[in-house]
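Quick notes on the structure that follows.
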Amino acid sequence: MFKKIVNDIDSVFARDPAARSRLEIILCYPGVHALILHRIAHWLWLRNFKLLGRLIAYFSRFLTGIEIHPGASIGDRFFIDHGMGVVIGETATIGNDVTIYHHVTLGGTSLTKGIRHPQVGNNVIIGAGAQLLGPIHIGDNARVGSNAVVVKDVEPDTTVVGIPARPV
């Protein structure tokens, strides 16, 4: 887990030109704080310490303004930039090298059991205010424009914008 956290911090340093040092990232980036706490909560969730996982997630939300359900699966080198208002649901999966900005929701649209949140591929960028809703798939290398509302699958290497989101 420690190696994953170091990789996450290094990826922020590589992708954010405003980052001046790794120490600054560790101390001042709420997206990193939320991700570290999520990795702990997710570890507990997978080992059936669900209440403790939920409590850590709740503390993380209070501390950072970023809500990540402990059941969500997040890949390596995930970067939440300006993370206030980010919500990631229980059955969401996020691939490697994904960047999301503030006020992004990976939300559900159903009360049924099973996968009900977005499945995000690798190397995806999701712009500020975007809403990805339901059990949709976002392909590798896709881009989701700011404030887009995505309710259908997005093909790999595609950029989508608008309400509802459409390829451009």
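Counting only protein heavy atoms and using a 1.4 Å probe, what share of the accessible area of the chain belongs to carbon plus sulfur, as a whole percent? For the chain, the apolar C and S fraction of the accessible surface comes to 61 percent.
Shown in residue order for the range 44-51 are the 3J(HN,Hα) couplings computed by the Karplus curve 6.51 cos²θ - 1.76 cosθ + 1.60 at θ = phi - 60°: 5, 4, 5, 9, 6, 9, 5, 4 Hz (x for Gly and Pro). Note that the range 60-69 has calculated 3J(HN,Hα) couplings of 4, 4, 4, 6, 10, x, 10, 10, 10, 5 Hz, one per residue in order, obtained from phi through the Karplus relation 6.51 cos²θ - 1.76 cosθ + 1.60 (θ = phi - 60°); glycine and proline are x.
For a straight C-alpha distance cut-off of 29 angstrom, the lysines reachable from residue 113 (same-chain residues fewer than eight places away being disregarded) are 50, 152.
Rolling a 1.4 Å probe over the heavy atoms of the protein chains gives the chain an accessible area of 52 Å² per residue. Of the residues 26, 112, 127, the one whose Cα sits farthest towards the positive end of the charge dipole of the range 1-147 is 112 (charges of +1 on Lys and Arg Cβ, -1 on Asp and Glu Cβ, taken about the Cα centre).
DSSP beta bridges confined to the chain are antiparallel in about 10 percent of cases. Proximity of backbone amide H atoms, modeled 1.01 Å from N, is registered between residue 154 and 137, 138, 139 at under 5 Å, excluding neighbours fewer than 5 places apart on the same chain.
Given the Cα atoms of the range 35-141, and with Rh set as the inverse mean 1/r over their pairs in the Kirkwood sense, what is Rg to Rh to two decimals?
Numbers: Rg = 12.7 Å, Rh = 13.5 Å.
Answer for the range 35-141: 0.94.
Pairs of Cα atoms under 8 Å, at least six residues apart: use those to get the relative contact order of the range 41-117, whole percent.
Values: 148 pairs, mean separation 17.9, N = 77.
Answer for the range 41-117 is 23 percent.
Ellipticity at 222 nm from helices only: DSSP H runs of n ≥ 4 in the chain, each -39500 (n - 2.57), divided by the residue count, give -10000 deg cm²/dmol.
Taking amide H as placed 1.01 Å from N in the peptide plane, residue 124 has its amide H under 5 Å from the amide H of 98, 99, 141, each at least 5 places away in sequence or on another chain. Proximity of backbone amide H atoms, modeled 1.01 Å from N, is registered between residue 94 and 73, 74, 75, 120 at under 5 Å, excluding neighbours fewer than 5 places apart on the same chain.
The values are calculated or read from the model by the stated rules, or taken from the named source; none is laboratory data. Quick caveat, the model's predicted, so the values are computed rather than measured. For neighbour counting, all protein chains shown are included, and Cβ atoms are generated from backbone atoms with ideal geometry for every residue, glycine included. Areas reflect the complete protein model, heavy atoms only, side chains present, ligands, DNA and RNA absent. Shrake-Rupley method; radii C 1.70, N 1.55, O 1.52, S 1.80 Å.
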